[in-house]
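Q: Please see the structure below; I have some questions.
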Amino acid sequence: MRFLPLLCIGTLLTCNSPTPDTAPTTEAPEPAGLRDAAPFPIGGAINIRQVLSDEQLRDITTTEFSSLTSTNDMKMYRIADTEGELDFARADSTVAFAAEHGMRMFGHALVWHYALPDYIADMPAEELRIFLTEYIDTVVTHFRGRIDGWDVVNEVLDTKGGGMRDSPFYEKLGTDYIGLAFRTARRADPDAKLFINDFGTERDTAKLSGLLRLVDSLRAEEVPIDGIGFQWHQQMRDDTNTVRQTLRRAAATGLLIHISELDLIFNTHNDEAGGGTDDVQAVTPAMLEEQAERFETLARIYREEVPADQQYGITFWDFTDRDTWIRGFFDMGDWPTVFDEELARKPGYYGFRRGLGE
Ligand code: XIL
């Protein structure tokens, strides 16, 4: 005879399963995915059309990640391709997918010098200022309450060093476009976390200093900024101690820290489309082990250097060697992700998971 209702009162026991005859095991279950192994959100950047049409990729996405970013579908060239019209179809379907699977949706990116609609190029300054304000206002309002955070500005600094990038926005509006973008986004969705996102700051300390100076001056002008995004398209040869120092300096701002686009590249990409040196032509098991160790170290560095309340999470940018943007964009062979060509977990996957504190 069993007294299940009585046993359940005031306890954390599961009541709807039969009482086991064997002693309960104390061993923690193997985490099903990265999302179960991490104390902070783990993100994947996806192309929604591909995820919806590829069951294996869809399973990986929902098993592994607790946060989603669109690789391209929320960029200006996708949403505002036709002048005078906004097309939210793919972005909406990504947001719906995230909601259906209980994942956080992250917005990338409101203002970027790349992937712009062609008609931007001819706009005089005042027209561009009005366009940018209306664009941000309409897009952020459209997703209000459904997008947790935005890369408000992406890559506003030069590829190298700490200077400003000579983008169409900077050229016509000066540095003011950055404050305008953040203020407009804040008004449109006061609860969304607003980020400045950039790359190369983990290996170029002058660029990191430029970024932190910019963040300081924005905050001094009361520009509403909540976090800093570090893309982390890292190379295997990068110095992990510099990476650690970067996060230490950034965390001292007290802002949220998002590792927003993680890759771990064997070759030397040079940050320009089609550019870099692909002297590494094949990957060996020993190299994959080294990559695993480094994925472990990077996850550990993030946990150790970023206080828990500033850990916005770590997002992988594409997460299979089959689909990685690195191959197409830099025109080089590489193996920079945690899933292989057949979509199986690589040593790097397990390394990263160890680094999460398994
Ligand atoms: C990349 C996409 O993944 C590619 O598909 C596209 O061809 C180019 O852009 N930094 C960013 C991302 O902020 O938006 C970029 O995404 C990768 C570099």
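Q: Just checking, how many residues over segment 164-195 are in a loop (DSSP other than H, G, I, E, B), open to solvent by 10 Å² or more (accessible area, probe 1.4 Å) and not hydroxyl-bearing (Ser, Thr, Tyr)? Lay out the reasoning, then the answer.
A: Here is the first cut: in segment 164-195, the residues in a loop (DSSP other than H, G, I, E, B) are 165-167, 174-175, 189-192.
Pick out the ones that are also open to solvent by 10 Å² or more (accessible area, probe 1.4 Å) and you get 165-166, 174-175, 190-191.
Applying the additional criterion that residues be not hydroxyl-bearing (Ser, Thr, Tyr) yields 165-166, 174, 190-191.
So the count comes out to 5.
Q: Search segment 58-90 for residues being more than 24 Å from Pro168 (Cβ to Cβ) and acidic (Asp, Glu), and hand back the single one that is farthest from the ligand (Cβ to nearest atom).
A: Out of the qualifying residues, it is Asp59.
Here is a yes/no grid of residues against (1) part of a strand (DSSP E or B); (2) without any contact (Cβ under 8 Å) to a residue 40 or more places away in the chain; (3) away from the ligand (no atom under 16 Å from the Cβ):
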{"site": "Asp309", "(1), (2), (3)": "no, yes, yes"}
{"site": "Phe316", "(1), (2), (3)": "yes, no, no"}
{"site": "Asp323", "(1), (2), (3)": "no, no, no"}
{"site": "Gly333", "(1), (2), (3)": "no, no, yes"}
{"site": "Glu342", "(1), (2), (3)": "no, yes, yes"}
{"site": "Tyr350", "(1), (2), (3)": "no, no, yes"}
{"site": "Arg354", "(1), (2), (3)": "no, no, yes"}
{"site": "Gly357", "(1), (2), (3)": "no, no, yes"}
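Q: Give the residues of segment 89-117 that are touching an Asp or Glu at 6+ places or on another chain (Cβ under 8 Å) and of a type in the set (Phe, Trp, Tyr), sorted by residue number.
A: Phe106, Trp112, Tyr114
Q: Hey, among the residues in segment 292-307 that are acidic (Asp, Glu) and either open to solvent by less than 40 Å² (accessible area, probe 1.4 Å) or within 16 Å of the ligand (Cβ to nearest atom) (or both), which one's nearest to Gln234 (Cα to Cα)? Reasoning before the result, please.
A: Let us first name the residues in segment 292-307 that are acidic (Asp, Glu), namely 293, 296, 304-305.
Imposing the further condition that a residue be either open to solvent by less than 40 Å² (accessible area, probe 1.4 Å) or within 16 Å of the ligand (Cβ to nearest atom) (or both) reduces the set to 296, 305.
On the way: Glu296: 14, Glu305: 18 Å.
Per the stated criteria, the residue is Glu296.
Q: Scan segment 125-144 and tell me whether some residue there is open to solvent by 50 Å² or more (accessible area, probe 1.4 Å) and within 30 Å of Arg248 (Cβ to Cβ).
A: Going residue by residue through segment 125-144, those that are open to solvent by 50 Å² or more (accessible area, probe 1.4 Å) are 126-127, 129-130, 134, 137-138, 141-142, 144.
From what's left, within 30 Å of Arg248 (Cβ to Cβ): none.
There is no residue in segment 125-144 that is open to solvent by 50 Å² or more (accessible area, probe 1.4 Å) and within 30 Å of Arg248 (Cβ to Cβ).
Q: I need the full set of residues from segment 23-37 which are charged (D, E, K, R) and either within 16 Å of the ligand (Cβ to nearest atom) or at pLDDT below 95 (or both), in order please. Outline the logic, then answer.
A: Filtering segment 23-37 for residues charged (D, E, K, R) gives 27, 30, 35-36.
Those that are charged (D, E, K, R) and either within 16 Å of the ligand (Cβ to nearest atom) or at pLDDT below 95 (or both): Glu27, Glu30.
Q: Mind listing just one residue for me: the one in segment 212-239 that is in a loop (DSSP other than H, G, I, E, B) and more than 30 Å from Ala292 (Cβ to Cβ) and, of those, most open to solvent (accessible area, probe 1.4 Å)? Let's see the steps before the verdict.
A: So in segment 212-239, the residues in a loop (DSSP other than H, G, I, E, B) come out as 221-226, 231-232, 236-239.
Now narrow it down to the ones that are more than 30 Å from Ala292 (Cβ to Cβ): 221-226.
Values: Glu221: 115, Glu222: 150, Val223: 8, Pro224: 24, Ile225: 14, Asp226: 37 Å².
By that ranking, first place goes to Glu222.
Q: Let me ask something else about it. Somewhere in segment 196-211, is a residue in a helix (DSSP H, G or I), open to solvent by 10 Å² or more (accessible area, probe 1.4 Å), over 24 Å from Asn241 (Cβ atoms) and away from the ligand (no atom under 16 Å from the Cβ)?
A: No: zero hits.
Q: Kindly establish whether Glu289 is more than 20 Å from the chain's Cα centre (by Cα), open to solvent by 10 Å² or more (accessible area, probe 1.4 Å), within 15 Å of Thr240 (Cβ to Cβ) and not hydrophobic (A, V, I, L, M, F, W, C). Before the answer, list the steps.
A: Values: more than 20 Å from the chain's Cα centre (by Cα): yes; open to solvent by 10 Å² or more (accessible area, probe 1.4 Å): yes; within 15 Å of Thr240 (Cβ to Cβ): no; not hydrophobic (A, V, I, L, M, F, W, C): yes.
No, not satisfied.
Q: Then there's this: So Phe40 fits all but one of (1) under 25 Å from Thr337 (Cβ atoms); (2) in a loop (DSSP other than H, G, I, E, B); (3) within 15 Å of the ligand (Cβ to nearest atom); what number is the exception?
A: All conditions are met except number (3).
Q: Could you say whether any residue in segment 130-152 is touching an Asp or Glu at 6+ places or on another chain (Cβ under 6 Å) and among the β-branched types (Val, Ile, Thr)? Steps first, please.
A: Looking only at segment 130-152, we keep the residues that are touching an Asp or Glu at 6+ places or on another chain (Cβ under 6 Å), and these are 140, 144.
Next, from what is left, pick out any that are among the β-branched types (Val, Ile, Thr): 140.
Among the residues of segment 130-152, at least one is touching an Asp or Glu at 6+ places or on another chain (Cβ under 6 Å) and among the β-branched types (Val, Ile, Thr), which makes the answer yes.
Q: Kindly indicate which of Ala109, Ala115 is touching a residue at least 24 places away in the same chain (Cβ under 8 Å), closer than 20 Å to Asn197 by Cβ, surrounded by 17 or more Cβ atoms within 10 Å (Cβ to Cβ) and out of contact with any Leu (no Cβ under 9 Å at 6 or more places or on another chain). Steps first, please.
A: Values: Ala115 fails: surrounded by 17 or more Cβ atoms within 10 Å (Cβ to Cβ).
Every option except Ala109 fails the conditions.
Q: Just one of (1) closer than 30 Å to Arg354 by Cβ; (2) crowded, with 21+ Cβ neighbours inside 10 Å trips up Arg104, so point out which.
A: Among (1) closer than 30 Å to Arg354 by Cβ; (2) crowded, with 21+ Cβ neighbours inside 10 Å, Arg104 violates only (2).
Q: Are there any pairs, at least 6 apart or on different chains, whose C-beta atoms fall under 8 Å, with the first in segment 158-175 and over 22 Å from Thr205 (Cα atoms) and the second surrounded by 14 or more Cβ atoms within 10 Å (Cβ to Cβ) and among the hydroxyl-bearing types (Ser, Thr, Tyr), and if so, which?
A: Short answer, once both residue conditions are applied: Phe169/Tyr177; Tyr170/Tyr177.
Q: Another question about this same structure. So, in segment 55-98, exactly how many residues are under 18 Å from Phe143 (Cβ atoms) and open to solvent by less than 60 Å² (accessible area, probe 1.4 Å)?
A: So the count comes out to 21.
Q: Return the residues of segment 213-233 that are farther than 18 Å from Ala185 by Cα, within 16 Å of the ligand (Cβ to nearest atom) and in contact (Cβ under 8 Å) with a residue 40 or more places away in the chain; say none if nothing qualifies.
A: Passing the criteria: Gln231, Trp232, His233.
The values are calculated or read from the model by the stated rules, or taken from the named source; none is laboratory data. Being a predicted model, the structure only gives us computed values, none of them experimental. Cβ atoms come from the backbone with ideal geometry, glycine included; neighbour counts cover every protein chain shown. Ligands, DNA and RNA are excluded from the accessible area calculation, which covers all protein heavy atoms including side chains. Shrake-Rupley method; radii C 1.70, N 1.55, O 1.52, S 1.80 Å.
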